[in-house]
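A short write-up of the structure that comes next.
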Amino acid sequence: MGQAGYVSLHGQHAGIMNSVQTLGTKYEGIRFRRVLLDTIPQIDELARAVIPSHPAMKPHARMLHHFRFILPLLPSITSEEENISFLHYYDSAIQIVRNSSREPTEAEFELGMQAAQEIINWSVFCLKMSWPMSSED
């Protein structure tokens, strides 16, 4: 049949395997890869709101590199010497979904989503702190 007749079923197979693994769990029907990837534009939009001169997203940029300007605003979740933030965990989760042939595990998905939510929460906090307070005296 040659290369013209080649049809990759990899993407379909990965989705089916993820659905089978999550049957009967609170994640039934959720595509881990898609949900994690969908957090990127949301966090990018918030990063631009916090830092208007934030650079444009490059298609295959690491999250640590792209969001490097908001990194100092995020709290460290380990000792000061290590200086690991939620952005580091988020970057790892996105690397898995972008580069791995397998679907993320439930634990990887949960860690990635928790990290994404923490980044979102801190970005919103920074926005609230930067808005001028209205004086209602």
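No lab work stands behind these numbers, since they all come straight from the coordinates. Here the structure is a predicted model, which means the values were calculated and not measured. Ideal geometry is used to build each Cβ from the backbone, glycine not excepted, and the neighbour counts take in all protein chains shown.
Label sites at SER101 and ASP44, each approximated as a point 7 angstrom past Cα along Cα to Cβ, lie 2.8 nm apart.
The local environment of ARG68, defined by Cβ-Cβ distances under 12 Å, has a net charge of 0 under the rule Lys, Arg +1 and Asp, Glu -1. Electrostatic bookkeeping for PRO59 treats Lys and Arg as +1 and Asp and Glu as -1; over the other residues with beta carbon under 14 Å from its beta carbon, the sum is +2. Sorting HIS60, HIS54 from the fewest to the most surrounding beta carbons within 10 angstrom yields HIS60, HIS54. With K and R counted +1 and D and E -1, the other residues having a Cβ less than 13 Å from that of SER100 yield a net charge of +1.
Which length gain, in nm to one decimal place, applies between ILE30 and GLU82 when the Cα-Cα distance is subtracted from 0.36 nm times their residue separation? Don't jump to the answer; show the numbers that get you there.
Working: separation 52, 0.36 × 52 = 18.72 nm, distance 3.36 nm.
Separation in residues times 0.36 nm, less the Cα-Cα distance, equals 15.4 nm.
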